[in-house]
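Quick notes on the structure that follows.
Every read-out reported here was derived from the displayed coordinates using simple, explicitly stated rules and does not represent laboratory data. Because the structure is predicted, anything quoted here is derived from the model rather than measured. All Cβ positions, glycine included, derive from the backbone under ideal geometry; neighbour counts span all protein chains shown.
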Amino acid sequence: MHPVLHKYVPEKAVSTCLELITSYEVHLKIVNERVTRHGDYRRLPNGLHQITVNANLNKYRFLITLIHEIAHLAAFKKYGTTIKPHGVEWKYTFQFLMLPLIHPEIFPSSILPVLARHFKNPTASSDTDVKLSLALKQYDPSNEKSYIFEVPYGGFFRIYNGKIFQKGNKRVKRYECTEVSTGRAYLFQPNAEVELLP
């Protein structure tokens, strides 16, 4: 597991991750990209604890995702299985587990202040924190995609499942966009990655 973790998390975080995986008896599976999630935790029928994390994440997002999922297991063990998956008990546990890792030897200076602000009240997904999501995406391999906030008003774009939308107005934090084939309105986070169409 040690050499595997070296490939996926920052070097200075490997020993902490290994300790958590060992102490919580986690079976870690690194899987192909899933568009709808970065990782997940589940208790298997045989009682083992399995965490899956997408292989395509950059080291910083991989680390945050891994700790996010371990926090589910730790919170369930401490507070019982009737707690809300992303309730106060999980938030407290996630903060507690991440705090030793929010350090300049692990995260770049461009991420640290945004990360510190995020962990005052962590959300169910780092993608819903637009500032953190954009800070982390700087370290992704470059691609041809655009963010929703970069698409001009009235512009057309395609999402991962092939559906085509037209961008509309911003409503509070998200953009209302219309699916071209059905005319139905959907709300998109400003940092959603899409393929801009001519």
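A few comments on the model shown:
- C-alpha long axis of helix 88-98 to longest principal axis of the chain, angle in °: 70 degrees
- For the chain, size of Cβ-based charge dipole, Lys and Arg +1, Asp and Glu -1, in debye: 500 debye
- Percentage relative contact order, the chain, counting C-alpha pairs under 8 Å, at least six apart: 14 percent
- Between GLN138 and ASN46, the FRET efficiency estimated from the beta carbon spacing at R0 = 45 angstrom works out to 0.65.
- Entries of LYS78/LYS173; LYS12/LYS137; LYS145/LYS167; LYS137/LYS167; LYS120/LYS145; LYS145/LYS173 with Cα pairs more than 25 Å apart: LYS78/LYS173; LYS120/LYS145
- For LEU28, residues with placed amide H under 5 Å, excluding near neighbours: ILE51
- Gyration tensor verdict on segment 146-196 (Cα atoms; rounded if a/c is under 1.5, prolate if a/b is larger than b/c, oblate otherwise): oblate
- Only lysines eight or more places from LYS29 in sequence, or on another chain, were considered; those with a Cα closer than 18 Å are LYS7, LYS59.
- For Rg and Dmax of the Cα atoms in Å, computed directly from the structure shown, the correct entry in (1) 14.7, 41; (2) 16.9, 55; (3) 18.3, 53 is (3).
- Here r is the Cβ-Cβ distance between LYS29 and SER146 and R0 is 41 Å; the resulting FRET efficiency, rounded to 0.05, is 0.80.
- ARG37 paired with LYS12, simple spin-label distance in nm, labels 7 Å along Cα-to-beta-carbon: 3.2 nm
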